[in-house]
1. For the subset of the stretch 11-59 comprising residues that are part of a loop (DSSP other than H, G, I, E, B) and touching a strand residue (DSSP E or B) at 6+ places or on another chain (Cβ under 8 Å), which member is nearest to residue 71 (Cα to Cα)?
2. Name the single residue, out of those in the stretch 35-49 being loosely packed, with under 14 Cβ neighbours inside 10 Å and within 12 Å of residue 73 (Cβ to Cβ), that is nearest to the chain's Cα centre (by Cα).
3. Is it true that some residue in the stretch 62-73 is out of contact with any helix residue (DSSP H, G or I) (no Cβ under 7 Å at 6 or more places or on another chain), surrounded by fewer than 16 Cβ atoms within 10 Å (Cβ to Cβ) and closer than 16 Å to residue 15 by Cα?
4. Report the residue count in the stretch 15-24 for those that are without any contact (Cβ under 8 Å) to a residue 24 or more places away in the chain and either in contact with a helix residue (DSSP H, G or I) (Cβ under 7 Å, 6 or more places away or on another chain) or closer than 11 Å to residue 51 by Cβ (or both).
């Protein structure tokens, strides 16, 4: 049996840190924190830490590619992404 860290590293992540998501979207962490605070970007708060559900990011990408259009992250902020 593999240790937890190895087993989890082989799977795609379920959540991203704000720093990771900001890098993916090529924006600053502060911009992403503000969008989360304004309810314009989906996130999960665990005590003081914010994490971004990977499924929400995937759904944004699918919507943009599938509709061949611009999507608004705020449209995904109210979803049950986790």
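We did not get these values from a lab; they are worked out from the coordinates using the rules stated. Quick caveat, the model's predicted, so the values are computed rather than measured. Because the Cβ atoms are built from the backbone with ideal geometry, glycine has one as well, and the counts that use them run over all protein chains shown.
1. Result: 41.
2. Taking the candidates together, the pick is 39.
3. For the stretch 62-73, residues out of contact with any helix residue (DSSP H, G or I) (no Cβ under 7 Å at 6 or more places or on another chain), surrounded by fewer than 16 Cβ atoms within 10 Å (Cβ to Cβ) and closer than 16 Å to residue 15 by Cα: absent.
4. Going through the stretch 15-24, the residues without any contact (Cβ under 8 Å) to a residue 24 or more places away in the chain turn out to be 19, 22-23.
Among the residues that remain, those that are also either in contact with a helix residue (DSSP H, G or I) (Cβ under 7 Å, 6 or more places away or on another chain) or closer than 11 Å to residue 51 by Cβ (or both) are: 19, 22.
Total meeting the criteria: 2.
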